[in-house]
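I have placed the structure first, in the form of structure tokens, so that the comments after it can refer back to it.
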Amino acid sequence: MAVGAKDYIDQMLVKRYAKEQTTNPEDAQILKMSSDKYWEIMKEVAQVHKTMVQVATAAKKVVKKDERAQESQSRA
């Protein structure tokens with residue numbers, strides 16, 4: 001069973017990606033970081049995401065509080 005591009009879009013993708021070059025394994029070993037450094041970076045990313053969620057939650061609470069205040073003023 002042969003595998004190949006069956007339509008025009010697949011043919012164009014095959015042509016495009018046939019020209020792509022991959023990183024040599026030697027380069028990958030040079031660029032590889034230590035596991036400690038990786039987990040340090042992941043910890044920082046997690047802290048940033050946690051802070052973003054906390055800020056978004058606080059902002060939603062403020063907006064809801066403002067909406068309730070406006071509703072009570074409009075009723076009065």
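Here are the numbers for this structure:
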| item | result |
| --- | --- |
| Filter pass, residue 65 being of a type outside the set (Val, Ile, Thr) and either touching a helix residue (DSSP H, G or I) at 6+ places or on another chain (Cβ under 8 Å) or modelled with pLDDT under 90 (or both) | yes |
| Filter pass, residue 5 being at pLDDT below 85 and in contact with a Leu (Cβ under 8 Å, 6 or more places away or on another chain) | yes |
| So residue 46, is it surrounded by 10 or more Cβ atoms within 10 Å (Cβ to Cβ) and modelled with pLDDT under 85 | no |
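The values are calculated or read from the model by the stated rules, or taken from the named source; none is laboratory data. In this text, all values refer to a predicted model and were calculated from it rather than measured experimentally. Here Cβ is always computed from backbone atoms with ideal geometry, including for glycine, and neighbour counts include all displayed protein chains.
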